[in-house]
Amino acid sequence: MTSGPAPRIALVVEDEPAINDALAHRLRAEGYVVEQAFDGPTAVDLAAGMRPDVVLLDVMLPGLDGLEVCRRIQAARPVPVLMLTARDDEADVLVGLGVGADDYLTKPFSMREVVARVAALLRRVERAAALAEERPAVIEVGGLRIDPGTRRTTVAEEAVHLTPTEFDLLLCLARRPGQVLGRERLLREVWDWGDAWGSASATRTVDSHVKALRSKVGSARIRTVHGVGYALETLP
Ligand code: CA
């Protein structure tokens, strides 16, 4: 008898039974082991007990809202979180809060999109783990010090706390200091999105994360080239 890799464990947190069941059904069909929670406190308990590889998390939940659930889950153990939001502009607010969610999907979404996003999140986590093993060189540029191995960042010698996505975005820009990177390329390299380019929410994803990153490392450090993309400034 041969055994393949251990199945990935997904925790689906959504109070609307029809959506929760549809997500669980689709993820099981893709080979995931799925647990379901329909309120905030149960989600926090399940996350502690089952140690999921990925969490799909609705924002509006009874008991504890999705933001608080995300904070508590992340405080216990880092795990990639895909937030399910009701509106596009809600995602902007969430990114600004920096609660530790890695990606956002606005309702209504297709199950195909959910599966693609979850797979992309897991690939990102694996890539980050592989990078940490390689002990890559620290990058110093424009007054920033970025350690891809420990995922620590300092600005003018002060530590700044970045979410996983903010860190990956900064690292992507810092590897090509001064070079303008288009949103499409950033989506491909940071978010690992293959075919999602072109939607308004894709553009918004990049822009809102750049905005959040700027608020932490200093807005002048990231230059906007209108209609093209973003570049990291090389001067402090
Ligand atoms: Ca809800």
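Numbers for the structure displayed
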| read-out | value |
| --- | --- |
| Accessible area of region 135-232 divided out per residue, in Å², using a probe of 1.4 angstrom | 48 Å² |
| By average C-beta atoms within 10 angstrom, highest first, the peptides 39-47, 154-162 | 39-47, 154-162 |
| Per residue convex hull volume, Cα atoms of region 135-232, in Å³ | 91 Å³ |
| Distance between region 108-163 and region 1-36 - C-alpha centres, whole angstrom | 25 Å |
| Net charge dipole size for the chain [Lys, Arg +1 and Asp, Glu -1 on Cβ; Debye, nearest 20] | 780 debye |
| Selection from G63, L232, V160 lying farthest towards where the dipole of the chain points positive, charges on Cβ | L232 |
| Extension gain (nm, one decimal) between R214 and E158, 0.36 nm per residue minus Cα-Cα | 18.6 nm |
| Accessible-area order (highest first, 1.4 angstrom probe) of the listed residues R135, R112 | R135, R112 |
| Residues whose placed amide H lies under 5 Å from that of V141, excluding near-sequence neighbours | I146 |
| Largest-first principal axis extents of the Cα set of region 9-125 (Å) | 33, 31, 29 |
| Protein accessible area in the chain, 1.4 Å probe - carbon and sulfur % | 52 percent |
| Antiparallel bridges, percent of DSSP beta bridges restricted to the chain (to nearest 5) | 50 percent |
| Expected-Rg normalisation [2.2 N^0.38 Å, Cα atoms] applied to the chain | 1.02 |
| Selected from L187, L97, A116, residue furthest toward positive end of dipole (the chain; charges at beta carbon) | L187 |
| Residue-span extension gain [E16 to R28] - 0.36 nm each, minus C-alpha spacing | 2.5 nm |
| Contour minus Cα-Cα distance for E68 and A129 (0.36 nm per residue) | 19.4 nm |
| Region 9-125 - accessible surface per residue (Å², probe 1.4 Å) | 42 Å² |
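The values are calculated or read from the model by the stated rules, or taken from the named source; none is laboratory data. Worth saying up front: this structure is predicted, and the values here are computed from it rather than measured. Reconstructed Cβ throughout: ideal geometry from the backbone, glycine too, with neighbour counts over all protein chains shown. Just the protein is used for accessible areas: all its heavy atoms, side chains included, with ligands, DNA and RNA removed. Shrake-Rupley method; radii C 1.70, N 1.55, O 1.52, S 1.80 Å.
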